[in-house]
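Participant: Could you have a look at this structure, given as structure tokens, before my questions?
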């Protein structure tokens, strides 16, 4: 992983159109500003992982088709 | 074309029914082509369908229309995230949410946070994460569905 040291209000460019700025540092929390084209989705990683997990869970269930059919009848 | 499926054995699929997910779906990025399959043994189209991967026969995600369990479902998504699907209109848009079915059916849940959006004309789809903070990844709906069905039958 590339590690860069930045101060408040300093930025990092990723490619030509994604800018990450350090806005605030308070204790163990960092506020980060992200400037990116709207076509690029930006998520907190927890959400991303939860959805990935949810997809896997939905796909892996051993399902009793009749019970399900009955429920959605 | 003949495809192998998780729940329906080998199925003869009309190639025009293939839906292409350019980005795949989260957790299954390599699976990009899907078909929506359902059990129409009884003649009626059931409310539950399966998003069946064509690349991976074992991958089939149960899906429903979110409106069955949340009639006022109205997710907010940046237009740009759906740009790759072409022009979406009320006539060609299909919105589906995945359903997680645990052994205890009363704990069945739907993922309202990350619906599948499909352009039925162009057969293109994607999974998006919606901005609505009150839409849960695990939305439990068993009691509500039961109540709705009971209401319908009572009419």
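The values are calculated or read from the model by the stated rules, or taken from the named source; none is laboratory data. Quick caveat, the model's predicted, so the values are computed rather than measured. As a convention, Cβ positions derive from the backbone with ideal geometry for all residues, glycine included, and neighbour counts pool all protein chains shown.
Participant: Please enumerate the residues belonging to the stretch B:14-34 that are more than 21 Å from residue B:82 (Cβ to Cβ) and without any contact (Cβ under 8 Å) to a residue 40 or more places away in the chain.
Facilitator: Once the filter is applied, which keeps residues that are more than 21 Å from residue B:82 (Cβ to Cβ) and without any contact (Cβ under 8 Å) to a residue 40 or more places away in the chain, the stretch B:14-34 yields B:14, B:15, B:30.
Participant: Which of the residues spanning the stretch B:116-155 are more than 12 Å from chain A (Cβ to nearest Cβ), assigned to a loop (DSSP other than H, G, I, E, B), at negative phi and in contact with a strand residue (DSSP E or B) (Cβ under 9 Å, 6 or more places away or on another chain)?
Facilitator: Correct list: B:120, B:122.
Participant: Looking only at residues that are touching a helix residue (DSSP H, G or I) at 6+ places or on another chain (Cβ under 7 Å) and in a loop (DSSP other than H, G, I, E, B) in the stretch A:38-73, which one is farthest from the other protein chains (Cβ to nearest Cβ)?
Facilitator: Kept after step one, since they are touching a helix residue (DSSP H, G or I) at 6+ places or on another chain (Cβ under 7 Å), are these residues of the stretch A:38-73: A:38-39, A:41, A:67, A:71.
Pick out the ones that are also in a loop (DSSP other than H, G, I, E, B) and you get A:38-39, A:41.
Values: A:38: 4, A:39: 4, A:41: 6 Å.
It comes out as A:41.
Participant: Of the residues in the stretch B:103-115, how many are within 10 Å of chain A (Cβ to nearest Cβ) and either buried (at least 20 other Cβ atoms within 10 Å of the Cβ) or in contact with a strand residue (DSSP E or B) (Cβ under 8 Å, 6 or more places away or on another chain) (or both)?
Facilitator: Count: 6.
Participant: Follow-up. So residue B:112 ticks every box in (1) under 17 Å from the mean Cα position of the chain (by Cα); (2) modelled with pLDDT under 95; (3) within 24 Å of residue B:139 (Cα to Cα) but one. Which box is left unticked?
Facilitator: All conditions are met except number (2).
Participant: Looking at residue B:78 and the list (1) touching a helix residue (DSSP H, G or I) at 6+ places or on another chain (Cβ under 8 Å); (2) in contact (Cβ under 8 Å) with a residue 40 or more places away in the chain, which single condition is not satisfied?
Facilitator: Among (1) touching a helix residue (DSSP H, G or I) at 6+ places or on another chain (Cβ under 8 Å); (2) in contact (Cβ under 8 Å) with a residue 40 or more places away in the chain, the lone unmet condition for residue B:78 is (1).
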